[in-house]
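Written out below as structure tokens is the structure these notes cover.
The values are calculated or read from the model by the stated rules, or taken from the named source; none is laboratory data. All figures in this text were calculated on a predicted structure; none of them were measured in a lab. Cβ sites come from the backbone with ideal geometry, for glycine too, and all protein chains shown count toward neighbours.
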Amino acid sequence: MSDFFFGLPLFDDFERLQRQMTNLLTGAPVSIRAGRFGAFPPINLGSTDDSVEIVAFAPGIDPAKLEVTVDKGLLTINGEREAAPDAEGESRSYARERFTGSFRRAVELPRDADPDNVRARYVNGCLIVTVGKRESSKPRSIAIQ
């Protein structure tokens, strides 16, 4: 039998480091600015034939504290997450994993996105931004004469 026990925290740290390096070197889309590991809020990007969809996962944030702007092909989400109230009032924290403070995320929109056709809504902790595509970029059928 081996003297090594693979459930040691050391191996967990190596596995986490390997995942971070893989994410850093392979799958990061270039159209998300501030795409560092652990950036807040996490964002999903997608598209349909009619729109570009951006979903920012921002639970516990007052929608009134969120701002969405579009300028020169760049969609920016600004906001602020307030600190959670302490259960006992003045407690000392030994570890904090919940991000607090102001944040900014930027997404470079594709050329076919229409900056005049943007909708945003906040549902169940998710900010959903829909950017319509220009009519000229949508698939269409051409009649043969």
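Kindly indicate which of Gly132, Gly60 is of a type outside the set (Phe, Trp, Tyr) and assigned to a strand (DSSP E or B).
The match here is Gly132.
Count, please, the residues in the stretch 112-145 that happen to be modelled with pLDDT of 90 or more, of a type in the set (D, E, K, R), more than 22 Å from Pro42 (Cα to Cα) and out of contact with any Pro (no Cβ under 9 Å at 6 or more places or on another chain). Before you say what the answer is, go through the steps one by one.
First pass over the stretch 112-145, keeping only residues modelled with pLDDT of 90 or more: 113-133, 144.
When the remaining residues are screened for being of a type in the set (D, E, K, R), the result is 114, 116, 119, 121, 133.
Those left that are additionally more than 22 Å from Pro42 (Cα to Cα): 114, 116, 133.
So of that shortlist, the ones also out of contact with any Pro (no Cβ under 9 Å at 6 or more places or on another chain) come out as 114, 116.
Residues that pass the stated criteria total 2.
Being free of Cβ contacts under 8 Å to residues at least 60 places away in the same chain and not hydroxyl-bearing (Ser, Thr, Tyr) is the filter; apply it to the stretch 96-108 and report the residue that is surrounded by the most Cβ atoms within 10 Å (Cβ to Cβ).
Only one residue fits best here, namely Phe99.
What do you reckon, is Glu67 in contact with a strand residue (DSSP E or B) (Cβ under 7 Å, 6 or more places away or on another chain) and acidic (Asp, Glu)?
Numbers: in contact with a strand residue (DSSP E or B) (Cβ under 7 Å, 6 or more places away or on another chain): yes; acidic (Asp, Glu): yes.
Yes: the conditions hold for Glu67.
Looking only at the stretch 91-113, which residues are assigned to a strand (DSSP E or B) and farther than 13 Å from Ala58 by Cα?
Ala106, Val107, Glu108, Ala113
So Asp116 ticks every box in (1) in a strand (DSSP E or B); (2) touching a Ser or Thr at 6+ places or on another chain (Cβ under 8 Å); (3) over 15 Å from Ala56 (Cβ atoms); (4) without any contact (Cβ under 8 Å) to a residue 40 or more places away in the chain but one. Which box is left unticked?
(2)
Has the stretch 34-44 got at least one residue that is part of a loop (DSSP other than H, G, I, E, B), among the aliphatic types (A, V, I, L, M) and either within 28 Å of Asn124 (Cα to Cα) or at pLDDT below 65 (or both)?
yes
Quickly run through the stretch 63-79 and pick out the residues that are surrounded by 14 or more Cβ atoms within 10 Å (Cβ to Cβ) and either modelled with pLDDT under 90 or assigned to a loop (DSSP other than H, G, I, E, B) (or both).
Hit for the stretch 63-79 is Leu66, nothing else.
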